Amino acid sequence: MGGQFIASLEEVKDGEFLKREVDGKKVLLTRVNGQIAAVENRCPHLGLPLAKGEICDGAVTCPFHGSRFDLLSGENLDWTHSFFGAELPKWSHKLIALGKAPQDLHTFDIECVDGAVYLRG
Ligand code: FES
């Protein structure tokens with residue numbers, strides 16, 4: 001095992017984030033179709049927190065500029081298309097990206113043993 005305890009399994013729920021910090025790592029935990037997802041509480045766009053992002057269909061939408069990320073793989077699904085929840089016209093999406101190219105969300109390796117979630121590495 002060798003991981004660090006981060007939460008008990010029953011605390012991690014579908015459709016909501018459980019915010020934890022372990023060794024300076026800011027982690028958001030949630031469940032997607034029964035699987036535990038552990039992602040960094042830091043949007044790769046401008047480094048803002050994702051904890052208040054909306055969870056839908058296994059993805060989180062950043063509350064600041066609307067980038068979307070798959071919660072299990074971290075894959076970027078959509079990049080900067082809104083501003084604090086207001087949809088922006090397509091031509092402006094690049095402007096709001098502020099020169100940042102799309103990036104995936106950082107995910108953490110976890111292990112679930114005996115009803116507990118451990119962060120690896
Ligand atoms: S900080 Fe998340 S999309 Fe800009």
It is to be established whether one or more residues within the stretch 82-101 are in contact with a strand residue (DSSP E or B) (Cβ under 7 Å, 6 or more places away or on another chain) and within 27 Å of residue 2 (Cβ to Cβ). no
Assess whether residue 57 counts as being within 22 Å of residue 5 (Cα to Cα) and either free of Cβ contacts under 8 Å to residues at least 12 places away in the same chain or of a type in the set (D, E, K, R) (or both). no
Taking the stretch 49-65 and the residues there that are not aliphatic (A, V, I, L, M) and not in a loop (DSSP other than H, G, I, E, B), the one that is nearest to the ligand (Cβ to nearest atom) would be 61
Which one of 98, 46 is modelled with pLDDT of 95 or more, more than 13 Å from the chain's Cα centre (by Cα), in a loop (DSSP other than H, G, I, E, B) and surrounded by fewer than 18 Cβ atoms within 10 Å (Cβ to Cβ)? 46
Exactly one of 77, 48 is of a type in the set (A, V, I, L, M), over 27 Å from residue 113 (Cα atoms) and in contact with an Asp or Glu (Cβ under 7 Å, 6 or more places away or on another chain), and that residue is 77
Condition set part of a strand (DSSP E or B) and farther than 11 Å from residue 50 by Cα, scope the stretch 66-84, selection nearest to the chain's Cα centre (by Cα): answer is 70
Enumeration of residues in the stretch 5-23 that are exposed (fewer than 15 other Cβ atoms within 10 Å of the Cβ), of a type outside the set (Ser, Thr, Tyr) and more than 16 Å from the chain's Cα centre (by Cα): 5, 9, 10, 11, 23
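The values are calculated or read from the model by the stated rules, or taken from the named source; none is laboratory data. Given the structure is predicted, the values throughout are model-derived calculations rather than measurements. Methodologically, a virtual Cβ is constructed for each residue, glycine included, from the backbone with ideal geometry; neighbour enumeration extends over all protein chains shown.
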